[in-house]
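The values are calculated or read from the model by the stated rules, or taken from the named source; none is laboratory data. Fair warning: this is a prediction, and the values are worked out from it, not measured in the lab. Ideal geometry is used to build each Cβ from the backbone, glycine not excepted, and the neighbour counts take in all protein chains shown. Surface areas here come from the heavy atoms of the whole protein model, side chains and all, with no ligands, DNA or RNA. Shrake-Rupley method; radii C 1.70, N 1.55, O 1.52, S 1.80 Å.
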Amino acid sequence: MVPDGAVLCDGGLIVAVGPRAEVEAQAGPGVPRLAFPEGTLLPGLIDSHVHLALDAGPDPVAGLQAASDAELHAAMADRAGRLLA
C-alpha cells in the first residue's frame with residue numbers, strides 16, 4: 001500500500017509508480033494530472049482462466065465441434081493475441 005501514491009503513464013504504458021512527490025518529479029510540466037483521492041488502484045489483475053478454444057457465441061461447444069483443427073488453432077491464436085493486447 002502506498003498512501004498518496006501516483007502513477008505516471010506515457011503512451012499508454014506505466015513508466016513509474018510510487019509516492020506522489022517522487023512520481024510527479026519525473027513528470028514534465030505539461031503532463032496532465034488527475035486526482036482520485038478516494039480511489040484505489042489494483043494493478044496486475046488479469047483474467048488468468050480463459051478457454052481460448054471457446055467463442056463467445058450462444059453455443060460455444062457447437063462452434064468448437066464444427067471447427068477444423070486449423071480453424072480452431074487460428075481462432076485460439078487470435079483470441080490469445082486479443083487478451084494480451
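Between Q26 and E38, the simple label model (points 7 Å from Cα in the Cβ direction) yields a spacing of 2.9 nm. Annotation: per residue accessible area for the chain equals 83 Å², rounded to a whole number [probe 1.4 Å, protein chains only].
Shown here for the range 1-82: trypsin sites (Lys or Arg not before Pro) in loop regions (DSSP other than H, G, I, E, B) with at most 12 other Cβ atoms within 10 Å, namely R33. With a 1.4 Å probe and every protein chain kept in, tell me what percent of the accessible surface of the chain is carbon plus sulfur. Percent of accessible area from carbon and sulfur atoms in the chain: 62. When E71, E24, E38 are compared by accessible surface with a 1.4 Å probe, the order from highest to lowest is E38, E71, E24. Along the axis of the charge dipole computed for the chain (Cβ charges of +1 for Lys and Arg, -1 for Asp and Glu, origin at the Cα centre), the listed residues L45, A80, A56 are led at the positive end by L45.
How much length is gained if the chain between D4 and A85 is pulled fully straight, taking 0.36 nm per residue apart and subtracting their Cα-Cα distance, in nm to one decimal?
Details: separation 81, 0.36 × 81 = 29.16 nm, distance 2.95 nm.
Taking D4 through A85 to full extension adds about 26.2 nm, to one decimal.
Percent of Cα-Cα pairs more than 12 Å apart in the range 1-64, please. Value for the range 1-64: 77 percent of Cα pairs lie more than 12 Å apart.
Each Lys or Arg adds one and each Asp or Glu takes one away; over the other residues whose Cβ falls under 15 Å from the Cβ of L52, this sums to -3.
On C-alpha positions alone, give me the angle between the axis of helix 69-84 and the longest principal axis of the chain, in degrees, nearest 10. Compared with the principal axis, the helix lies near 10 degrees.
Net charge within 13 Å of L72 by Cβ-Cβ distance, Lys/Arg positive one each and Asp/Glu negative one each, not counting L72 itself? Before the final figure, lay out each step's value.
Details: positive: R79; negative: D55, D69, E71, D78.
With Lys, Arg at +1 and Asp, Glu at -1, the net is -3.
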